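The values are calculated or read from the model by the stated rules, or taken from the named source; none is laboratory data. Note that the structure is a prediction, hence the values are computed from the model and not measured. For neighbour counting, all protein chains shown are included, and Cβ atoms are generated from backbone atoms with ideal geometry for every residue, glycine included. We work out accessible area using only protein heavy atoms, side chains counted, and drop any ligands, DNA or RNA first. Shrake-Rupley method; radii C 1.70, N 1.55, O 1.52, S 1.80 Å.
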Amino acid sequence: LDGSPGAYYHRSAANESFADKWVFSLQGGGECVSEEDCASRAQGDLGSSLAYASDGSGQMSQFQYYSEEHNPDFWQWNHVFVMYCTGDLFMGVVTEPDLTNQWGWAYFSGGLIVDGVIADLQARSDLAGTPFSLDQSSIVIWSGDSAGGIGAGATVDQVASLLPDTTKVVAAPIAGFYWDNKYPYTGPGALTDYVPFGVGAFQGYYDTWKMRVPERCAAGLPDTPWACGLLNFSLPFLASDVFVIEMLTDSVQLYLHSGAPEYNNDTAAYVSSWGRNMTAALQTTVLGKQQLQLQLEKQQAGGVSSSSSSLGKTGLFGAACFSHTSFYYYSPFLADSPPPPLQLPVQGQKSLPSSSISSSPTGGGGSNDQDDYDVNFVFAFADWLYERGQLSSAYLADWASCDDEARVTFNPTCPE
């Protein structure tokens, strides 16, 4: 943001057996949309790389967690953690700040940093010509959480275009699924300084950050290309495979972008309605694309070609928790059962009809017994990625509130 260079931390694979496998994670940390906010941000690590530590191993978690027991599939892979210092959700491509949109000084260049990290790894002399070269990769998991999760979804096809055709690139955005929420919380204690994250607001951010959005989405939505910054709109167009990991009542989306300060008696009805809308958006976008892909595969098996045959496959892990990026090996867990029936999105703060909601409020297993919950996000993702078929391809908690539909019963394994 301040013009200092982008940065990343790299941990090499444990041995040559894993040299061609990579996990990238984009750091989270919100965004800035005003000159005052961005100027303040530029004074710290989220806006400048000048004070970064030399050792970034403490940043690596989730799919980069260095534990054979808790991360058995990915712990020995190459790990790259990309630092976030641009305030633009990794989508900006500003090279020369202009006076109108970047106030003459703000380098919203997160998209260019993504490109630069890939290029730097490809050019490194200590990796070139070895099995550990990024250009020798067979698979890249492109992840990140919060702002990094948004960025992971928005940049995965771009990253795939920079790597050899033989490299499979898969996005695994964590807490990065945002939809067009036009109805902020307006009840008691409502926050007034929240950052709007609907399509209308993104039109302004599109100019401020000089956003580079997924090309196929922009072509498909030529009148509103800025909507492609939201995964709810871009996912149907992405060529890469995407596994979405999301809290159904994402606490940061609720307070930072919807004005709901916390979960309490005043906000319960709004949080319940918001969670139903999030669930409906995930069902329609993620599971809807999954069903379309299955139809296309059947058509292809029958000899029928389709212009949509290059759509990437999708998977989902959605937990009913009031939290944001708190996905750990020990929490939350979902039960191994099929997702609830596909439902249409709900507009505003109105709830879905109770007759269309499963009776289980907390997880796919239809039970409040914590012993029934045994699948965490890492194992669900690995099973989906490798098509092991041991688990369901989509984990989405059934969404229902208590009897009066004004309270939320959260998953019993949610993080504290």
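Assuming a ≥ b ≥ c are the square roots of the Cα gyration tensor eigenvalues, decide whether the stretch 130-202 counts as rounded (a/c under 1.5), prolate (otherwise, with a/b larger than b/c) or oblate. The shape class here is prolate.
Per the Debye formula on identical point scatterers at the alpha carbon atoms of the stretch 80-234, with no solvent, log10 I(q)/I(0) at q = 0.17, 0.18, 0.20 Å⁻¹ is -1.03, -1.12, -1.29.
Counting charges near V140 (Lys, Arg +1; Asp, Glu -1) among other residues having Cβ under 13 Å from its Cβ returns a value of -3. When D37, D193, D241 are compared by accessible area at a 1.4 angstrom probe, the order from most to least is D193, D37, D241.
Over every Cα atom in the stretch 191-298, the radius of gyration and the widest Cα-Cα span, Dmax, amount to 15.8, 50 Å. To the nearest 10, the accessible area of E246 is 0 Å² with a 1.4 Å probe. Using equal-weight Cα scatterers in the Debye expression, the normalised intensity of the stretch 108-171 in log10 at q = 0.17, 0.22, 0.25, 0.27 Å⁻¹ is -0.59, -0.94, -1.12, -1.22. Using a probe radius of 1.4 angstrom, the carbon and sulfur fraction of the accessible surface of the stretch 113-169 is 50%. Looking at the stretch 47-192, the accessible area is 37 square angstrom per residue; that uses a 1.4 Å probe and ignores ligands, DNA and RNA. Going by the alpha-carbon gyration tensor, a ≥ b ≥ c the square roots of its eigenvalues, is the stretch 1-107 rounded (a/c under 1.5) or, if a/c is not under 1.5, prolate (a/b greater than b/c) versus oblate? The shape class here is prolate.
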